[in-house]
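Below is one structure, written out as structure tokens, with a few remarks after it.
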Amino acid sequence: LPLKRWIITTDEMQLRKEFDVDEDGVVSVEEANIFLGNETEVEVDHFISHIWDSIEHTYKSEVEEDSHDEEKPAAPAEESIAEIDSKLDYRDAEADDLDAKELLQDYENEESLEENIGKEEKEFNTDIFKKRYINKRIRKFDSLPQEELPDDENISYSNETQRLIDLAQAARSEFYEIERKVSQLDSDIRDIEDLLNQDFGPEDAFLPLNKQCFEIKDAEYTYKLNWGRWLEKTGGKLKQIYENGMSCWNGPTRSATVIIQCGIENSLLSSSEPSICEYVLTFQSPAACDTLPEHLNQEHEL
């Protein structure tokens, strides 16, 4: 680079066409300042020690430019306009797709980029200007009018195409309906298998209680029994045992024992808590009766 009073200025940087980043044919003041580390002029010592390493790959000496001019390859054989257009269309489509992704990513990082520029005022980074230029291209890209595409309902097809579309839609709807029914059948089969694996007592006497719920209230709480497991018979008494419930504060996990006795209806009769978080419920049901109580036999005599 030419030296002027041992200072390199913006004007001198503007004479170098390789600093024309946006390739508009002119090195603007902003472009020149960027390549001077955001300064309008710098001393040569500072330029060599802080800036030169960053722009060395961009700077081209006059000798390099002349040698490049001499080594220009021979002009290729002429191609037809159609061949050139087809190649350009393909390359443009491929490049646009790649550019759109890269530009969008840089556009999302624009705010952090501006912060970096403020932090690196005294340290030159060639990527800064490139990203700023890309952001300008993005804003220009966003301002372009988008082609208006017709709504699906406004698209018209030939009779044959429409017939095929209708057939495909009908087949799709039929498939989804069959799939729904199969799923429902699978669910029903699982429920039946679960039901068959449960023990509802002799002759399945307690089967009508499956998935029924019963409640009883005391002074403080409401207890609810959801019938869902079979019972044990211990010492001539029928009972259900529920364990591993929610943990009590500073205590054991909740558990409940349901004692089942003969009665004229299905209902909870009582509830108690003999130990902390261990509950006992009494439940009556006609299904627990081996024979009808004597007073019921007398009442129902004809």
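Could you give the length gained on full extension between Ile178 and Thr161, defined as 0.36 nm per residue of separation minus the Cα-Cα distance, in nm?
Result: 3.5 nm gained on full extension.
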Quiz item: Near the amide H of Ser28, under 5 Å away, which other amide H atoms are found, from residues 5 or more places off or on another chain, if H is placed in the peptide plane?
Solution: none
Exercise. Would you please state the base-10 log of I(q)/I(0) at q = 0.10, 0.11 1/Å for segment 161-289, with intensities from the Debye formula using one equal scatterer on every alpha carbon?
Key: -0.49, -0.55
Quiz item: When the Karplus curve 6.51 cos²θ - 1.76 cosθ + 1.60 is applied with θ = phi - 60°, which whole-Hz ³J(HN,Hα) does each residue of segment 247-260 get, with x for Gly and Pro?
Solution: 6, 7, 5, 6, x, x, 6, 5, 8, 8, 10, 10, 8, 10
Quiz item: Considering amide H positions built from the backbone, and no H for Pro or chain starts, which residues 5 or more places from Ser270, or on another chain, come under 5 Å of its amide H?
Solution: Thr282
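Here, each number is a calculation from the coordinates, and none is a lab measurement. Everything numeric in this text was worked out from a predicted model, so none of it was measured.
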